[in-house]
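Notes follow once the structure below has been shown.
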Amino acid sequence: MPLSLSLACGPYDRTNALMNGDVRIEGCDVNAIALTPEESFHRSFGESQFDIAELSFSTYLIQTSRGTCDYVGIPAFLSRMFRHSAIYVRSDRIRTPSDLKDAKVGVPEYQVTAAVWVRGLLEDEFGVAPSMLDWVSGGVEEVGRSEKTAISLPDDIRISAATDRPLSDMLADGELDAIIAPRMPSCFAQAKPNIGRLFPDYRIAEAAYYRKTGLFPIMHLVGIRKSLVERNPWLPASAMKAFEQSRRRSLKTLTDPTALHVSLPWLIAEMEETQAIMGPDFWSYGVEKNLKDIETLLDYHHRQGLSHRRLSIDELFAPGSTAGVKI
């Protein structure tokens, strides 16, 4: 009898084959539900609704460091993104990273993984430590957003909550100097006066960052309910194999010139340029190929006071999911 499972994640090219049933998790009958990351995080961390789910790496680390997470990870990294593009500023005040010292900077949540990577980037590459900024947390476009899970920050971190106005409006009106936002704020999209990116040529900056550091920041991983793994210790390896198969299928479509699989006219050229910079397997799963990315995130997370202790890689991933996957 197959094991019946619920799976929640984004409908990405790298998950489509798994979501539509072309790739199967061996021994399982999967009910796949396509959700935005925010909804998957809320319904997983808050209510543990799904057997397998896309998780925020940062929130996963917070809960794992406390021993309160209902999920155990597998190293299938569904979301990765350079985050130079996520820093929006008042261009009349902030022109270089060093200008952010003593600035008032908004974040949707202090713990979001994108903000962890941006703070690490600013400190390591430009000498701007988190304690040098005044932080304001709240919804970018809505009022009342709060942290997914409670956090306790170091005493030298100055943070307040935006309770009555969205961060985008505050940036447009000059009440903030900058926003770190995974999604483009409306004030930037609407070309409001004096609103720009800290790195206007972010693609050039991000390529240079990769060449220097070798880092391709990981945002999300996959989690499996711990109680399910305890009863079915074979499941992490089977799930990891399926996610890897789905990922490999998606990469093949990006170089298929017969008919473009993504609605971008220069998709093939984009793929060729990316591989020239990052190598043929630039979006890899597994621990070995991503060791530096994972260790760097663990360092940033602990340095920023989000994880109570510096976690080890062995604590993050389910046994059986970290060995090389045989397809």
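Can you name the condition, by its number, that ALA17 falls short on among (1) assigned to a loop (DSSP other than H, G, I, E, B); (2) surrounded by fewer than 21 Cβ atoms within 10 Å (Cβ to Cβ)?
ALA17 satisfies all of (1) assigned to a loop (DSSP other than H, G, I, E, B); (2) surrounded by fewer than 21 Cβ atoms within 10 Å (Cβ to Cβ) except (1).
Filter region 83-107 down to the residues that are more than 20 Å from TYR209 (Cβ to Cβ) and charged (D, E, K, R) and list them by number.
ARG90, ASP92, ARG93, LYS101, ASP102, LYS104
SER321 is checked against (1) within 16 Å of the chain's Cα centre (by Cα); (2) not in a helix (DSSP H, G or I) and fails just one. What number does that condition carry?
Single failed check for SER321: (1).
Can you name the residue in region 279-297 that is outside any helix (DSSP H, G or I) and more than 15 Å from ILE74 (Cα to Cα) and is also most open to solvent (accessible area, probe 1.4 Å) among such residues?
PRO280
Restricting region 23-51 to residues that are open to solvent by 70 Å² or more (accessible area, probe 1.4 Å), closer than 23 Å to ASN232 by Cα and of a type in the set (Asp, Glu), which is modelled with the lowest pLDDT?
Looking at residues that are open to solvent by 70 Å² or more (accessible area, probe 1.4 Å), closer than 23 Å to ASN232 by Cα and of a type in the set (Asp, Glu), I get GLU47.
Please determine, by comparing only the residues of region 211-231 that are out of contact with any Lys or Arg (no Cβ under 7 Å at 6 or more places or on another chain) and surrounded by fewer than 16 Cβ atoms within 10 Å (Cβ to Cβ), which one is nearest to GLN63 (Cα to Cα).
Residue satisfying both the conditions and the ranking: LYS226.
Name every residue in region 2-11 that is touching an Asp or Glu at 6+ places or on another chain (Cβ under 9 Å), assigned to a loop (DSSP other than H, G, I, E, B) and open to solvent by 40 Å² or more (accessible area, probe 1.4 Å), in order of residue number.
Answer for region 2-11, where residues must be touching an Asp or Glu at 6+ places or on another chain (Cβ under 9 Å), assigned to a loop (DSSP other than H, G, I, E, B) and open to solvent by 40 Å² or more (accessible area, probe 1.4 Å): just PRO2.
Please work out which one of (1) open to solvent by less than 10 Å² (accessible area, probe 1.4 Å); (2) hydroxyl-bearing (Ser, Thr, Tyr); (3) under 21 Å from PRO319 (Cβ atoms) is the condition THR68 fails and give its number.
It fails just one condition, (1).
Using the structure shown, decide if ILE224 is closer than 27 Å to GLU38 by Cα and over 17 Å from the mean Cα position of the chain (by Cα).
Taking the combined requirement at face value, the residue satisfies it.
Given the criteria surrounded by fewer than 16 Cβ atoms within 10 Å (Cβ to Cβ), of a type in the set (Asp, Glu) and over 30 Å from ASP155 (Cα atoms), does GLU272 qualify?
Here the answer is yes, as GLU272 does meet what is asked.
The values are calculated or read from the model by the stated rules, or taken from the named source; none is laboratory data. Bear in mind the structure is a predicted one, so any value in this text is a computation, not a measurement. With ideal geometry, Cβ positions are generated from the backbone for all residues, glycine too; neighbour counts draw on all protein chains shown. Please note that ligands, DNA and RNA were not included when accessible areas were found on the heavy atoms of the full protein model with its side chains. Shrake-Rupley method; radii C 1.70, N 1.55, O 1.52, S 1.80 Å.
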